[in-house]
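Peer 1: Take this structure first; my questions come after.
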Amino acid sequence: MKKSIVFVAATCFLALSIAGCGKTAEEPGTTTNESPVAASFEASDNTVPSSEVTESLSEEEPATTDNAEIGYPSLPLPEYHYYGPEEWVDYADSISQFLIENSFGKEESDLSICVPVILKVDESDPADVKAWGEFWVYTYQLINTSLIGGPGGSFGGLAHLDKTGGSPVLTDFEYVEDGSDYDPSVDRIFGSEGLKEAYVEACDKSEMYQNQALSYYINHNGLYITQYQHYGWPPVAIINAPPTKEEDQQIYYVGNAGFTTQFDMRQICALEMDNDETFSTVICDELNEALIEIYIDDGLDVEAAIKKIRKNLFDESAELTRIDDTSFNEISGCTVLMSEGPYKDGDHVYMNYIVPRDDHLFVIKIYSIYSENEEKQMYTDDVIAGLLNAMELK
């Protein structure tokens, strides 16, 4: 089975002072996405033009809900089902449920959805109904009123369904393959039916389809969910949802590496690993690209920790200055490994903190790209400093 999964990560800079930062008490093929598309169920040779696909998304506008009349969402969220145009429900929901259940195993998430874009259906054989399309599976965690994207995948291809028993049951799926097998598999599945162009166009419109599918789901279930976000990118407002309140943009983060911090999700994204975390500035014109990795090194061997940091630099030839016995957030005895200025536009800049704890080292690696745009550079520095200043170690 094809499973294309990509986390979009950014890279970037921080010019923090190496002295202790004062504490402040403040609070994710490609990961593809898809929403319902119009398709023709009338005849085996009837293909839907892309213009009709787009129009179908605006025909049925979900009703908006007054902020004052709805409470904050709570877990568990309602199970996802396809809520697009009625003529699509049976096929689209059967395919969606199959892919949701079989795509990511026991991957924990608060919500899993499938966005089906069916391009053509052949019902000539009720025991083998064929549905060509692109199908995106997304997983999300619920934070405040936002859905934060986790693992996701694109599953384009040809679904085979049996509807002789009433409700259609998916019996087989011919998937578009990855890598060097991609083009041949697209030609094999879509080429002979004249659907290749429509398939490629559907892939390009994944963001639109994802937003529409979430809008259908949220409005159908009367949920106060306002936006979604994938790692590395700013939050996206959901169609017909109320605006996100300022306080709901603030994330209180509890890290696996033994810390808490706070940040604004319009500025910072977080990606949780088993024993470490990665944060990045969101991709936007106002911020430089920056990447912050936080992890624990067992033991108290500072020299070994430094070797590990140097070995894993993006630029292995970078020269870093070591400063011992400094402080981080009022914790003394820390070591800093940092690039020295002056910097020019586009330079890679590194700032690394090694913070001793009882029986381990708490390591913060910051990589960024310097900008000669002073306003942009200062804003980026402030955003990253805010993340670190709000950090409290256990």
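No lab work stands behind these numbers, since they all come straight from the coordinates. Keep in mind that what you see is a predicted model, and the values were worked out from it rather than measured. Positions of Cβ are generated from backbone atoms using ideal geometry, with glycine treated the same way; all protein chains shown enter the neighbour counts.
Peer 1: List, in order, the whole-Hz ³J(HN,Hα) value for each residue of segment 373-390 obtained from phi through the Karplus relation with A = 6.51, B = -1.76, C = 1.60 and θ = phi - 60°; use x for Gly and Pro.
Peer 2: Result, ordered by residue: 6, 4, 5, 5, 5, 5, 5, 4, 4, 5, 5, 6, 4, x, 4, 6, 5, 7 Hz.
Peer 1: Nearest 20 debye, what's the magnitude of the dipole of segment 265-394 about its Cα centre given +1 on Lys and Arg Cβ and -1 on Asp and Glu Cβ?
Peer 2: 160
Peer 1: A further question follows. When SER215, SER146, SER317 are ordered from fewest to most other Cβ atoms inside 10 Å of their Cβ, what list results?
Peer 2: SER317, SER215, SER146
Peer 1: When a footprinting reagent is the concern and you count Cβ atoms within 10 Å, what order do THR326, THR261 take, fewest first?
Peer 2: THR326, THR261
Peer 1: Restrict the search to segment 339-390; then list the GluC sites (Glu not before Pro) that DSSP places in a loop and that have at most 16 other Cβ atoms within 10 Å of their Cβ.
Peer 2: Here the sparse-neighbourhood loop sites are GLU340, GLU372.
Peer 1: Let me ask something additional. Starting at the first residue of segment 129-136, write each ³J(HN,Hα) from the Karplus equation 6.51 cos²θ - 1.76 cosθ + 1.60 with θ = phi - 60°, in whole Hz, x for Gly and Pro.
Peer 2: 6, 10, 10, 8, x, 10, 10, 9
Peer 1: Order these by the 10 Å Cβ neighbour count, fewest first: PHE362, PHE98. The partial results should precede the final answer.
Peer 2: Working: PHE362 23, PHE98 19.
The order, fewest Cβ neighbours first, is PHE98, PHE362.
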